[in-house]
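The values are calculated or read from the model by the stated rules, or taken from the named source; none is laboratory data. Fair warning: this is a prediction, and the values are worked out from it, not measured in the lab. FYI the Cβ positions are ideal-geometry reconstructions off the backbone, even for glycines, and counts take in every protein chain you see. These area figures cover heavy atoms from the full protein model, side chains too; ligands, DNA and RNA do not enter into them. Shrake-Rupley method; radii C 1.70, N 1.55, O 1.52, S 1.80 Å.
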Amino acid sequence: MSDRVLASDRITLTGLRARGRHGVLPEERVLGQEFVVDLVLHLDLRTAATTDDLTTTVSYAEVAETVHALVAGEPLDLIETLAGRIGARLLADHLRLTSAEVTVHKPAAPIAVPFGDVAVTVVSRRDEPVVIALGANLLDPAAALARAVRRLRRVRGLHVTGCSGLYETAPVGGVEQPDYLNAVVVGRTTLSAYTLLAELHRLEAAQGRDRSREQRWGARIVDLDLIAYGEVVSDDPVLTLPHPRAHERAFVLVPWAQADPTAVLRTPVGPRPVAELAAEVGAVDPRTGAGAGIRPGPPWPRRRREGRSVDDAARCPEAEPC
């Protein structure tokens, strides 16, 4: 297969020291002792290595302060638990991380025989549910979306678990253009949010989209938007999560509700079932203010396989052959 290889770049931070009260013995909870933490953080550093842009990596100082606060904070019985909490917190705070390998040393552990060190290593990895919206209204939109879905299935670190059918929707933004075909793909990913976004942009470019030259709200050869990434909330202009307008867009909500009827979206007024939002927003045509603003589209395009025609109308397009 032509899957892209996941980044093996890493940041290593060793010897972080802090006094904590972790342990099961009463004296450990009262007197405390010194703990030492080593970190190996995995992320894609290709952009940072070529641009010298601070925003494309993580702050070592912030990481160190987080670790120090957790070690010095709430006492725990097990350093295994402490290592797991450190890893989970770092993944939650830094969307560029793919995984965090945390080693907690307890050099003064209450062991009755001579020893050099006790250390526990826990690796925290991402496994996030994701929602990706697809749209196109130039050339052959149905073929473009089917091709995009097949290629999404080939992205290493992304597992597509389902997708909607195709829907026809009116364009928004006031620019005169053809109606769109839209769909939604749901899945899980071990990629960081930023790496997944970069993969979506790569797949757009592979079909001829040039983001630097297109008109805002204008027509699209293909458009792949990251709508939601786990429970992450981000106000980064490069990657705002959940998508700030998803709760009001029928062309996202209606196919999303079909792809995952149990989905919930965090909105400005709190979490809402996507199916309820779809029923509310999908009942209004943005062009006329009445009627349905979204309607079922054509079936997924038929493909030729081993000399016979295969109808993909009832299911998500499969991965392209290797």
What residues qualify as long-range amide H neighbours of Leu265, i.e. H under 5 Å apart, gap of 5 or more or another chain, H built at 1.01 Å from N?
Arg272, Val274
Once fully extended, how much extra length lies between Ala142 and Asp9, figured as 0.36 nm per residue of separation less the alpha-carbon to alpha-carbon distance?
44.2 nm
Taking Lys and Arg as +1 and Asp and Glu as -1, residues besides Val40 with C-beta under 10 Å from its C-beta add up to -1
Simple spin-label estimate for Glu27 and Val238 in nanometres, 7 Å along Cα-Cβ
5.1
Taking a cut-off of 22 Å, what percent of all Cα-Cα pairs in segment 75-210 are separated by more than that?
56
Quick one: helix 79-93 against the long Cα principal axis of the chain, what's the angle to the nearest 10°, folded into 0 to 90?
40
In Å, the Kirkwood hydrodynamic radius of segment 7-159 over pairs of distinct alpha carbons?
18.1
Compare Leu54, Leu90 by solvent-accessible area with a 1.4 Å probe and give them largest first, with all protein chains kept in place.
Leu54, Leu90
Once both labels are modelled 7 Å past Cα along the beta-carbon direction, what's the Ala198-Arg266 spacing in nm?
2.4
To the nearest 10 degrees, how steep is helix 141-152 against the longest Cα principal axis of the chain, on a 0 to 90 scale?
20
For segment 137-194, what is the convex hull (Cα atoms) projected area averaged across all directions, in square nanometres?
5.0
Ratio Rg/Rh [Cα only; Rh per Kirkwood] for segment 118-275:
0.99
Based only on the alpha carbon positions, what is the Kirkwood hydrodynamic radius of segment 33-86, in angstrom?
13.1
How large is the Kirkwood hydrodynamic radius of segment 119-170, in angstrom, based on all distinct alpha carbon pairs?
13.7
What is the chain's relative contact order, in percent, from Cα pairs under 8 angstrom and six or more apart in sequence?
16
Taking every pair of alpha-carbon atoms in segment 47-115, give the share separated by more than 15 Å as a whole percent.
62
Given 5 Å bins starting at zero, what is the percent of C-alpha pairs of segment 183-283 in each, up to the one with the largest pair distance?
2, 11, 21, 23, 21, 14, 6, 1
Cβ-Cβ FRET estimate between Arg188 and Ala72, R0 fixed at 35 Å, reported to 0.05:
0.55
Förster radius 56 Å - calculated FRET efficiency between Glu248 and Arg17, Cβ distance, rounded to 0.05:
0.70
Return the carbon/sulfur percentage of the accessible area of the chain, one whole number, probe 1.4 Å, all protein chains in place.
53
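How much length is gained on full extension from Ala206 to Ala112, taking 0.36 nm per residue of separation minus their Cα-Cα distance?
Using 0.36 nm per residue and subtracting the Cα-Cα distance, I get 27.6 nm.
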Quick P(r) readout (the chain; Cα-Cα; 10 Å bins; whole %) gives 5, 23, 27, 20, 13, 8, 4, 1, 0
